[in-house]
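What follows is one structure encoded as structure tokens, with my remarks underneath.
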Amino acid sequence: SSSSTSSSQNNASLSPTYSFRNPPMMLSFMERTVRDAQYEVDAIIDHLIDHPNTPPFVAYRLIQRFVSSNPSPRYIEVVAQAFKTGTYLSFGTGKRGDLEATIAAVLLDREARSMTLLHDPLHGQLREPLIKLIHFMRAMEYEPK
């Protein structure tokens, strides 16, 4: 009789006809708490940081924003490796996703500081069309009426 009592305590009923034994209990679905939300947010951030596509994605976007619109695959790999390992030269803490090491790799890499690439017409940042138009209008000293 004690075994039937303990097994009945571990049963979960979805309706009068459906039930299962030993349901998983990770988070309380009846009483949501701030703690539950924090665990879920932490879990998704950890999942995204650990995803294999995150380092090259972050590297490409940071290089585009700070240095060059069309970075080489080698440059992307160096910055992605800094993101993965959390170190670049003497920068970083050694933890995956360390932005100090990642930004150092973006700004201190030879492709970012090369004088030869400055004279290459295919190297550099492209302006967005709207920014180009605004720059042109400012150069012409346009004033709205």
- Item | The lone exception for PRO52 - which of (1) free of Cβ contacts under 8 Å to residues at least 24 places away in the same chain; (2) part of a helix (DSSP H, G or I) it fails | (2)
- Note on the structure: Among ARG96, ARG61, the single one that is part of a loop (DSSP other than H, G, I, E, B), at pLDDT 90 or above and open to solvent by 50 Å² or more (accessible area, probe 1.4 Å) is ARG96
- Query: Restricting the search to the range 66-104, which residues are touching a residue at least 40 places away in the same chain (Cβ under 8 Å) and more than 22 Å from ASP46 (Cα to Cα)?
  - Reply: PHE66, VAL67, SER68, SER69, ASN70, PRO71
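Among the candidates GLN81, GLN38, which residue alone is open to solvent by 100 Å² or more (accessible area, probe 1.4 Å) and either outside any helix (DSSP H, G or I) or out of contact with any Ser or Thr (no Cβ under 7 Å at 6 or more places or on another chain) (or both)?
Of GLN81, GLN38, the one residue that is open to solvent by 100 Å² or more (accessible area, probe 1.4 Å) and either outside any helix (DSSP H, G or I) or out of contact with any Ser or Thr (no Cβ under 7 Å at 6 or more places or on another chain) (or both) is GLN38.
The values are calculated or read from the model by the stated rules, or taken from the named source; none is laboratory data. No experiment lies behind these values; they were computed from the predicted model shown. Cβ: placed from backbone, ideal geometry, glycine included. Neighbour counts: every protein chain shown. The protein model used for the area step is the full one, side chains on, heavy atoms only, and it has no ligands, DNA or RNA in it. Shrake-Rupley method; radii C 1.70, N 1.55, O 1.52, S 1.80 Å.
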